[in-house]
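Below you'll find the structure, written out as structure tokens, and then a few comments.
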2 protein chains.
Amino acid sequence: MFGSAAFGKRGFGLGEAALSSTEKPDLHDAGTGTLGKAVAILDIVAAAPHPLRFTEILNLSDQPRGTLHRNISNLVQEGLLTLKRDHTYELGLRLLVFASRAWSANEFRVIAEPHLRRLHEVTGETVHLGILRGTEVVYLDKFESRQTVRMYSQIGNASPAYCTGVGKAALSALPQDELDRRIGLMDFHRFTDTTITSAEMLKLELSRIRQEGRAFDREEHEAGIRCVAAPIFNPDRSIVAGISVTGPAFRATDAALEDWTRPVREAAAAISRDVGARLAPRS
Amino acid sequence: MFGSAAFGKRGFGLGEAALSSTEKPDLHDAGTGTLGKAVAILDIVAAAPHPLRFTEILNLSDQPRGTLHRNISNLVQEGLLTLKRDHTYELGLRLLVFASRAWSANEFRVIAEPHLRRLHEVTGETVHLGILRGTEVVYLDKFESRQTVRMYSQIGNASPAYCTGVGKAALSALPQDELDRRIGLMDFHRFTDTTITSAEMLKLELSRIRQEGRAFDREEHEAGIRCVAAPIFNPDRSIVAGISVTGPAFRATDAALEDWTRPVREAAAAISRDVGARLAPRS
DNA sequence: CTAAAAAATTCCATTATCCGGAACACAATT
DNA sequence: AATTGTGTTCCGGATAATGGAATTTTTTAG
């Protein structure tokens, strides 16, 4: 299987980000000048299931040979891309260095951290924090029940929003027009037999989530994994995220999910509150 | 039209990387064209101890207002930088997404992983894998003794090579001329009272390390932390890295470090061998 | 081992793109 | 209202990116 190629294209961060209000409705500007071309290359290399050679990148990109070669060379020079001895390319180490800082300095994450920890202690299960970026959820933090699994395996991962608890919770906090816009960009793919596979199903599910204030994921993304999630957002919706308690199906029964609902909601509310207070326009 | 001399300046990754041979001793080339300027901005934001505003970045960079503003806007648009509501900038989420892939797909790391795990099981202590990048060591992987500390806190971190076990081990594997070049770029800073603070001291230490085939860090970087490390490298030195076993001073006594030496050296040798075999020019 | 094909890299005239000084908004401060 | 500091936009000009084609290197085939 092969993740749908279509990336969101545009940058959503925390600030201006989440609801891109005054955006020209062009959904197809393929690259903001030179930098855009460079990032497009990184995207191609990142999305590939195996290390790519020059010509492979050439075929996947729309840049002419000469141009592409120079752009790649620049990326290598900057340490964002690496040319290995076997003539294949890898994402560069410098990205790790940047990401390390991006993570540890991220204010939103720092604010949420104590609440995550508490939620983990209360439930004893794995807790995730994810933030909405276009139509995907990017996992920002995680507290694991059993630490046998490695952390990096999840943080920074981007999953489709429509089939994860955190993603659906976050979507439910978007204003209607913005939500519709994003749903329009989605590309529904069936991962399991409970996966939501149409805009209609998703909208129905979201209205239920809005009413109940919590979202479930009953093996919609990965078989054997279930969770409850709740939305996090600040007053002007410039930050839209979610938090979840996850467990293996045999432990995360309907009853258990019901039990976790209150603590998850409370943690989410607490984070929303703190974020509203500490990341206000003027501080 | 002479061979080589191809890629220049800086890019150190895995491939051609590690010994960048024919380079002018430029110390601070502030930007390879447009991309270089963009990365320079990311660097400034990453290095800052607190979130920066536009004017602060302006003062720290050598780009004129108009130029800087446009470059920053492009970065924000690409999701590599985030403009928050309080007018400060943060590194963007997209860096996390890229780094997640960069880490999980990194061939060198994947090859080393089983050896790291084994070393951790044998010693019962924390094990680090770091790769040399210029004058710094970037930590690529880590197996912790007690999993209470979070992983991300170390992976992707870049530390000066001269004051860490992994760094010194790696440096010891460089050819003399390349080593001299890099030492010339170093900026010695005293972290503790055992920190190496001059090129002479470092060279002396490195010759000892080369003889013994292992490097110590006796609280040179951080008080209370000691380790033994061994170098990893492939035949042509295009990959230069190190592996270490680390512990708190009270446990990592001289005797303990001596005990760990053999397993560390063996793990390093095994990784070097595997890397030589699997990342050969022709595969 | 040699020949042929494919892939990777370099070249260079053209022009699109980026540059950057300066003017313009927009706050916050007095 | 005046002032200062900060962020954003403009636009002619120069630089740096472009991309087609030639060259070199690597790989495959004979």
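The values are calculated or read from the model by the stated rules, or taken from the named source; none is laboratory data. These numbers were taken from a predicted model, which means no experiment stands behind them. We place every Cβ from the backbone using ideal geometry, glycine too, and count neighbours over all the protein chains shown.
Quick one: which residue in B:Gly130, B:Gly66 is within 16 Å of DNA strand C (Cβ to nearest atom), more than 9 Å from chain A (Cβ to nearest Cβ) and not hydrophobic (A, V, I, L, M, F, W, C)?
Selected residue: B:Gly66, the only one of B:Gly130, B:Gly66 that is within 16 Å of DNA strand C (Cβ to nearest atom), more than 9 Å from chain A (Cβ to nearest Cβ) and not hydrophobic (A, V, I, L, M, F, W, C).
Take B:Val110 and tell me if it is in contact (Cβ under 8 Å) with a residue 12 or more places away in the chain and within 14 Å of chain A (Cβ to nearest Cβ).
no
Determine whether the range A:198-213 contains at least one residue that is outside any helix (DSSP H, G or I) and either under 19 Å from A:Glu121 (Cβ atoms) or at pLDDT below 95 (or both).
no
Being in contact with an Asp or Glu (Cβ under 9 Å, 6 or more places away or on another chain), assigned to a helix (DSSP H, G or I) and within 9 Å of DNA strand C (Cβ to nearest atom) is the filter here, so list the residues in the range A:31-46 that pass it.
A:Leu35, A:Gly36
Looking at the range B:267-276, can you tell me whether even one residue there is outside any helix (DSSP H, G or I), at pLDDT 95 or above and surrounded by fewer than 20 Cβ atoms within 10 Å (Cβ to Cβ)?
No, the conditions are met nowhere in the range B:267-276.
Give the residue that is nearest to DNA strand D (Cβ to nearest atom), with candidates limited to residues of the range A:47-80 that are of a type in the set (Ser, Thr, Tyr) and in a helix (DSSP H, G or I).
It comes out as A:Thr67.
When the residues of the range A:81-104 are narrowed to those that are more than 7 Å from chain B (Cβ to nearest Cβ) and not in a helix (DSSP H, G or I), which ends up nearest to DNA strand C (Cβ to nearest atom)?
For the range A:81-104, the residue satisfying everything is A:His87.
Yes or no: A:Ala173 part of a loop (DSSP other than H, G, I, E, B), aliphatic (A, V, I, L, M) and surrounded by 14 or more Cβ atoms within 10 Å (Cβ to Cβ)?
yes
What number goes with the only condition from (1) modelled with pLDDT under 95; (2) in contact with a strand residue (DSSP E or B) (Cβ under 6 Å, 6 or more places away or on another chain) that A:Leu52 does not pass?
Only one criterion is unmet by A:Leu52, namely (1).
If I filter the range B:105-136 down to residues being of a type outside the set (Ser, Thr, Tyr) and in a strand (DSSP E or B), which single residue comes out as surrounded by the most Cβ atoms within 10 Å (Cβ to Cβ)?
Checked the range B:105-136; the qualifying residue surrounded by the most Cβ atoms within 10 Å (Cβ to Cβ) is B:Gly130.
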